[in-house]
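The values are calculated or read from the model by the stated rules, or taken from the named source; none is laboratory data. All of these numbers come straight from a predicted model, not from anything done at the bench. Heads up, the Cβs are rebuilt from the backbone with ideal geometry, glycines too, and the neighbour counts pull from every protein chain shown. All accessible areas refer to the heavy atoms of the entire protein, side chains included, with ligands and DNA or RNA removed. Shrake-Rupley method; radii C 1.70, N 1.55, O 1.52, S 1.80 Å.
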Amino acid sequence: MVSLVAVPVFLLCGTLFLPPQVAAFKPLFQDGSLTHRDITQLAILRKTAEVCRDMATAQGHAFTLPINNRLTPSAVQEACSASAVSSHVFYSVITQIFVSNAVVDQRFALSEAHHVDNEAFSEGRSLITRGIAAVKASVLQGSYSSARISLGALCHTLQDFYSHSNWVELGSTAPFATLIRPELPLNNLAGPSTPTCNSCTGSDCRNNIRPEILLNKKLTSGYFSVSSSRKPAGKCSHGGSLDRTSLREPTGGINKDYIRSEHGFLHLRAADMAINATVQVLQDIRLATGNRAFLRLVGLRQTSVLAFVIDTTGSMSDEIEEAKRVAFSIIDSRIGTPAEPSEYILVPFNDPDFGPLTRTENAYIFKERIQSLSATGGGDTPEMCLSGLLLALAGAPPSSDIFVFTDAGAKDFELRNTVLAMIGMTRSRVTFLLTNALVRKRRTASQSEQFKFSSDTQSDIQLYRDLAHVSGGQAINVPKAKLSQATAVITDASTSALVTVLQVVRSPVIPENVSFILDPSLSNVTVYITGDSPVFTLYSPTGVSQSGSVADGPLGSILTVGNLNRVKLNSDIQTGKWKISINSTHSYSIKVTGQSSVNFLFNFVERLEGGDFTPKANRPFTGQNATLFVSVTGGDSVTVTDVLLVEASGSDVVYGTIKSLGATDVLVNIDRIPEWAFVVQLKGLLNDSTRSLPSRFQRQSPTQQRGSRVNIMAQPNNTIEPGIPSNLNFTLVTNATGGSYTIRAWTDRKFSVSFPSSLDTGAEGSAQGSVTLTAPSDTESGTDVTLTIVAEDSESGDSNYMALRFTVMTQVTDFSSPICQVVSIKADCPVECSKASWELSANLTDGNGTGIAGVSLSRGNGSLSLSYVMSADGTNMTVASYNASCCSQEVELVAVDRVGNVGTCFTSIKSPSTTISPNVSTTASPNVSTTASANVSTTASANVSTTASPNGSYSVSFSMCVALVGLLLFFLCG
């Protein structure tokens, strides 16, 4: 199920290999074992379905999806009625979370804390609780990508606990809640000198934990080392062929990583416990952030993003007005609908300024920001276009469409490779709307100045074309007067479930027939041909044709504006093989898109032999083999037949060898990464119940990929503290003859960065470098920052990058949850409940903590009002008053303090009884029950003293029990 802590790492040609039977991920075994990936996905699907069910119930809607461990992303997405969201988005976010989970094995393979080995319970819990705080802080800042990275990492450590400790062997039936509640003591741990295991009998380790450990419920975990057999006397080992401690008395191990491990007979119980523990963490995050933010965190409410980068110099007034018009049109037509953009991005730029970045979910804030833009200044033509684009790429969610408005070249050309690196990391598509083709000066100049600018114009345009083509976008040259027609591409891209069927770039050009396949799942198919006066004809599968010069024909309508030809196919499109016959004297691109639930995700991965794989953070090595992990989304009845690397500007193809890993996942082995830039293309069969035979389909990655002969590797932490320099060591490795590489490092937040200007890999083909990153001391906790390191060979132009995302976190010292004290319940409810109401009053305080930030309803549909008073001891108190119909008989109040600690009050008048929890409602928490008659006001205190034991149960203090008995007798006897 989960990973080992100490793993020997061998670096061969820049690729990480781990010896067989070492890593805990075992998807290739297919023996019924569950992996971190399975556990994380199941927990996310369960909790997401629960949130959607609760929201549907509160709104009076039905929710029929059974919540169990057989959920799929497409089923949850459909049940949650997020009709504007493709399951591709949902699945890609889940993938991002469990990928960051898997990366822990790669980056922290030797950390006992990250894997809760060697009885490192306190250190492991610290990682978990700091991670939870980082997730909440990031969500509060709207930094969802950073939150997902932190969530995946903390879940790895949380899940490892159940495989690497004896929690399951102790007979526990619920997760160890103390792991996510640092205010509780870690009691009943086996002491440093306490023997915990006996030697296994041969290979049989079923009874190797000492009886007194089980009887006294002492908590322990296995020791592991590949370099030494030393361990404290009598301690359990992790086990496995490479664990040298398992060879010393007591021999054997206790890990439950997979079914064939030493305690593999308990693997499924440990995995189920890990799922439930992960659900607990997700519930805590949900209560702290709210339902809407939680669904954004897991990607269920993420639709299209509207992202603009706008030149604001003096000549751009027409473009700014058009950007406003199209933005307002999209917002006004979609606001309040499932198709409403989930986020809005705006970055202005001119010279010498660029930014600030506006990132908001509020359409009205975005309207205000874009409305405030005006065209001023300018004069010297080149502007800070690439700097503004970098801000947008770093701030927008992955796979966004970003639109750049400008009529000038880029003054910051040196950022070209950094932009390419960010495009590669985010896989966002960039479309440039270039007015007047950059051939007009913004102010009167001498003839010589005009001539000099004209000679540079083509290189300016080519830069934008190159960036657009690499990203899968377009570079559209259009006269100002026709800009409003060209912005139709923005409306096209701002739709959900958009897929790329085909994209090709041709330079140099040749007469060619380009074919593509349309399948029954596609709708709203659009063909874009971008180039200077290309001559083309479109052919349907039945042979019907339409010339590019015919605006409205049998196959569709054609809009020609500037260098863009937009072909909108008729709604009754024919499935099968289509063809475009094209001839041009200039370079051109063809792009075919449509809306479909069927799409795919892919990552180049580094294989952990005998186990799972982790994604590469940069380009694969040119000339060497590589592995692709591909997941098809939106269709369980899809069969993948081919995965190809197709030359981006040519016709060469590299075929991959496919190995199925289940219904929708395949592993693809590539014999050799080509020298040229390529796109990943997928072909297969789509089964449809309405057709006797399956239909062929194809999809393509819009973003171009490229190999490199240099690689950058680093093992960063996920968080940095404001005002404290953070050092990141990295290694430069090349499979070419050693040389000198120019190094650049940059952050999207303009944080202080120091780094070496160059590194020489020498005869050994490697070099060490270090980057120091410092966040300003006043940086808000939860702020995300992306650090990009680029290495470039100035002679060959070869380059590679590593893009790393960090969360800036102020050290959290407040881990105490708000306390809820129910003061009174007044209920006089007749049989006909609709004719009466009941009331509840509660006091909520945060003691010496950071203070209550908000109080909300997690359950109940009555009215909640809040007031604020000072108690007699000087404590700030929030008074909650709740009133509801007697037909709504349950309420749960949620109080959240300023660092995300959660306290809840649950009350029901069904029995009637009141349950008060000063902490997370899903954990085993102290309960206070009061019985109230119809006209009686009751008072119950939530200040319950508790003692935590390793099995997750709590004992209520004796004095409290006496008080409760007294209350009960009073109510019963009058």
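Considering every residue within the range 535-547, establish whether at least one is over 39 Å from the mean Cα position of the chain (by Cα), surrounded by 17 or more Cβ atoms within 10 Å (Cβ to Cβ), aromatic (Phe, Trp, Tyr) and on the phi < 0 side of the Ramachandran plot. Scanning the range 535-547, I find at least one residue that is over 39 Å from the mean Cα position of the chain (by Cα), surrounded by 17 or more Cβ atoms within 10 Å (Cβ to Cβ), aromatic (Phe, Trp, Tyr) and on the phi < 0 side of the Ramachandran plot, so the answer is yes. When Asn276 is tested against (1) touching a helix residue (DSSP H, G or I) at 6+ places or on another chain (Cβ under 9 Å); (2) open to solvent by less than 30 Å² (accessible area, probe 1.4 Å); (3) at pLDDT 95 or above; (4) not hydroxyl-bearing (Ser, Thr, Tyr), exactly one condition is not met: (2).
Step by step: first the residues of the range 218-242, then only those that are under 17 Å from Leu170 (Cα atoms) and of a type in the set (A, V, I, L, M, F, W, C), then the one that is surrounded by the fewest Cβ atoms within 10 Å (Cβ to Cβ). Which residue is that? Here the answer is Leu219. Identify all residues within the range 461-486 that are within 12 Å of Gly531 (Cβ to Cβ) and either outside any helix (DSSP H, G or I) or basic (Lys, Arg) (or both); write none if there are none. Selection gives Arg465, Gln474, Ala475, Ile476, Asn477. Are any of the residues in the range 858-879 without any contact (Cβ under 8 Å) to a residue 40 or more places away in the chain, charged (D, E, K, R), open to solvent by 60 Å² or more (accessible area, probe 1.4 Å) and out of contact with any Leu (no Cβ under 6 Å at 6 or more places or on another chain)? Yes, the conditions are met somewhere in the range 858-879.
For Thr639, are the conditions met, namely being in a strand (DSSP E or B), open to solvent by 10 Å² or more (accessible area, probe 1.4 Å) and among the β-branched types (Val, Ile, Thr)? Answer is yes for this residue.
Scanning the range 93-110 for residues that are of a type in the set (Ser, Thr, Tyr), surrounded by 19 or more Cβ atoms within 10 Å (Cβ to Cβ) and either modelled with pLDDT of 95 or more or not in a helix (DSSP H, G or I) (or both) turns up nothing.
Checked across the range 245-267, the condition of being among the basic types (Lys, Arg) and in a helix (DSSP H, G or I) holds for no residue.
Suppose we keep only residues that are farther than 23 Å from Glu414 by Cα, assigned to a loop (DSSP other than H, G, I, E, B) and in contact with a helix residue (DSSP H, G or I) (Cβ under 8 Å, 6 or more places away or on another chain) within the range 697-742. Which one would you say is most open to solvent (accessible area, probe 1.4 Å)? Among them, the one singled out is Gln715. Of the residues making up the range 674-696, just one is among the aromatic types (Phe, Trp, Tyr) and either part of a loop (DSSP other than H, G, I, E, B) or under 23 Å from the mean Cα position of the chain (by Cα) (or both), namely Trp676. Suppose we filter the range 852-894 for residues that are closer than 23 Å to Glu832 by Cβ and of a type in the set (Gly, Ala, Ser); how many remain? Number satisfying all stated conditions: 6.
Evaluated against (1) out of contact with any strand residue (DSSP E or B) (no Cβ under 6 Å at 6 or more places or on another chain); (2) within 23 Å of Ile97 (Cα to Cα); (3) open to solvent by less than 20 Å² (accessible area, probe 1.4 Å), Phe604 falls short on exactly one condition, (1). The condition (being in contact with a His (Cβ under 8 Å, 6 or more places away or on another chain), open to solvent by less than 10 Å² (accessible area, probe 1.4 Å) and hydroxyl-bearing (Ser, Thr, Tyr)) is satisfied by just one residue among Thr157, Thr178: Thr157.
Whether any residue in the range 509-518 is in contact with a strand residue (DSSP E or B) (Cβ under 9 Å, 6 or more places away or on another chain), in a strand (DSSP E or B), of a type in the set (Phe, Trp, Tyr) and closer than 30 Å to Ser74 by Cα is what I want to check. For the range 509-518, residues in contact with a strand residue (DSSP E or B) (Cβ under 9 Å, 6 or more places away or on another chain), in a strand (DSSP E or B), of a type in the set (Phe, Trp, Tyr) and closer than 30 Å to Ser74 by Cα: present. Considering the range 194-217, the residues that are out of contact with any Leu (no Cβ under 7 Å at 6 or more places or on another chain) and charged (D, E, K, R) include one that is most open to solvent (accessible area, probe 1.4 Å), namely Arg206.
A quick yes/no check of all residues on (1) within 30 Å of Ala177 (Cβ to Cβ); (2) β-branched (Val, Ile, Thr); (3) out of contact with any Asp or Glu (no Cβ under 8 Å at 6 or more places or on another chain):
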position: Ser816; (1), (2), (3): yes, no, no
position: Ile852; (1), (2), (3): yes, yes, no
position: Val855; (1), (2), (3): yes, yes, yes
position: Asn861; (1), (2), (3): yes, no, yes
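Is it fair to say Ser163 is among the small types (Gly, Ala, Ser), assigned to a helix (DSSP H, G or I) and open to solvent by 30 Å² or more (accessible area, probe 1.4 Å)? Taking the combined requirement at face value, the residue does not satisfy it.
Within the range 832-840, the presence of a residue that is surrounded by fewer than 24 Cβ atoms within 10 Å (Cβ to Cβ), closer than 19 Å to Ala288 by Cα and in contact with a Lys or Arg (Cβ under 6 Å, 6 or more places away or on another chain) is excluded.
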